[in-house]
Amino acid sequence: MHDQVPQQGLVLVAHPPRGGALTGRIELVLDGTAIATLTLTCCLDCRVASLDYIHVVAGYRRLGYGRTLVAAAHARTTGYRRTAPLPDGPAAQAFRARISYPHPEASCVHQRQ
Ligand SMILES: [Zn+2]
């Protein structure tokens with residue numbers, strides 16, 4: 001699958017969940033280097049999609065890459081209630097504040113500790 005990724009330009013790469021894992025990963029790759037990463041955990045039973053982690057490499061922030069990843073994640077979770085844990089750090093929290101999550105209370109009982 002990676003063999004088909006062009007090495008030039010901006011590419012969205014989705015790594016679907018494998019082997020029963022519920023977590024998928026989406027990356028934005030610019031000229032062969034991942035500049036933004038998002039991981040997403042979906043529960044088929046609860047119909048909840050949780051945005052677990054999003055990271056944009058310093059120097060590429062506030063350019064819309066994070067939003068692009070979130071949009072890509074949303075496009076893959078149609079019909080799910082979407083939620084995201086409050087991230088650590090002011091940059092992540094500022095980003096999170098700009099993203100609309102209509103079901104902040106949604107949670108997957110299977111993921112609770
Ligand atoms: Zn669940």
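For the reader, a short list of remarks on this structure follows.
- Residue list for the stretch 29-58, filter: of a type in the set (Asp, Glu) and within 16 Å of the ligand (Cβ to nearest atom): Asp45, Asp52
- All conditions but one from (1) buried (at least 19 other Cβ atoms within 10 Å of the Cβ); (2) in a loop (DSSP other than H, G, I, E, B); (3) of a type outside the set (S, T, N, Q) apply to Arg61; the one that does not is (1).
- All conditions but one from (1) closer than 22 Å to Glu105 by Cβ; (2) surrounded by fewer than 19 Cβ atoms within 10 Å (Cβ to Cβ); (3) at pLDDT 90 or above apply to Ala73; the one that does not is (2).
- Options Thr33, Thr37, Thr41, Thr23; residue that is farther than 18 Å from Tyr101 by Cα and touching a Ser or Thr at 6+ places or on another chain (Cβ under 6 Å): Thr23
- Screening Arg62, Arg82, Arg76 for residues that are over 15 Å from Val13 (Cα atoms), touching a residue at least 24 places away in the same chain (Cβ under 8 Å) and not hydroxyl-bearing (Ser, Thr, Tyr) leaves exactly one candidate, Arg82.
- The stretch 36-54 residues that are under 12 Å from Arg82 (Cβ atoms) and touching a residue at least 24 places away in the same chain (Cβ under 8 Å), paired with ones that are part of a strand (DSSP E or B) and within 8 Å of the ligand (Cβ to nearest atom) (beta carbon under 9 Å, 6 or more apart): Thr41/Val48; Cys42/Val48; Ala49/Cys43; Ser50/Cys43
- Where Ile26 falls short, out of the listed (1) more than 14 Å from the ligand (Cβ to nearest atom); (2) surrounded by 16 or more Cβ atoms within 10 Å (Cβ to Cβ); (3) in contact (Cβ under 8 Å) with a residue 60 or more places away in the chain; (4) not polar (S, T, N, Q): (3)
- Out of Arg96, Arg82, one residue alone is outside any loop (DSSP other than H, G, I, E, B), more than 24 Å from Thr33 (Cα to Cα) and under 13 Å from the mean Cα position of the chain (by Cα). It is Arg82.
- For the stretch 92-110, the criterion of a residue being modelled with pLDDT under 80, of a type in the set (Phe, Trp, Tyr) and more than 16 Å from the ligand (Cβ to nearest atom) is satisfied by at least one position.
- Taken over the stretch 70-79, the criterion of being away from the ligand (no atom under 16 Å from the Cβ) and assigned to a loop (DSSP other than H, G, I, E, B) is satisfied by Arg76, Thr78.
- Counting only residues that are β-branched (Val, Ile, Thr) and more than 12 Å from Ile26 (Cβ to Cβ), the stretch 57-100 holds 4 of them.
- Checked against the criteria, Tyr53 does not count as part of a loop (DSSP other than H, G, I, E, B) and aromatic (Phe, Trp, Tyr).
The values are calculated or read from the model by the stated rules, or taken from the named source; none is laboratory data. Keep in mind the model is a prediction, meaning the values are calculated, not measured. No Cβ is skipped: glycine too gets one built from the backbone with ideal geometry, and neighbour counts run over all protein chains shown.
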